[in-house]
């Protein structure tokens, strides 16, 4: 009978050790899960704080006074129109009036424009 009691005590001892081992493993898993959850919550809080600061910066920025011009292609360059000759035209007599610009200015004459 002592052998049966000894055997039962051994089985009970192994059973309790197995239960304690499982409880310890469960505690380790739960602690790891808690740490992961805390890290996730902290990341979410940090992201939320960044989003709020970005939104506050956008709200605080003054609106543009003048809207930017619409993007249109630049017009092609045009040739400048010249309405005057750089060489003086001959006068009414058919002679070439070769006055210097200083003489023409003193006489009140200007370059003749094209007609």
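Since every read-out is calculated from the coordinates, none of them should be taken as a lab result. Worth saying up front: this structure is predicted, and the values here are computed from it rather than measured. Neighbour counts run over all protein chains shown; Cβ positions are idealised from the backbone, glycine included.
With every atom except the alpha carbons ignored, what do you get for Rg and Dmax of the range 1-76, in angstroms?
Cα radius of gyration and Dmax of the range 1-76 are 33.4, 114 Å respectively.
Run the quick spin-label model on residue 28 and residue 50: label points 7 Å from Cα toward the beta carbon, then report their separation in nm to one decimal.
In this crude label model, residue 28 to residue 50 measures out at 3.4 nm.
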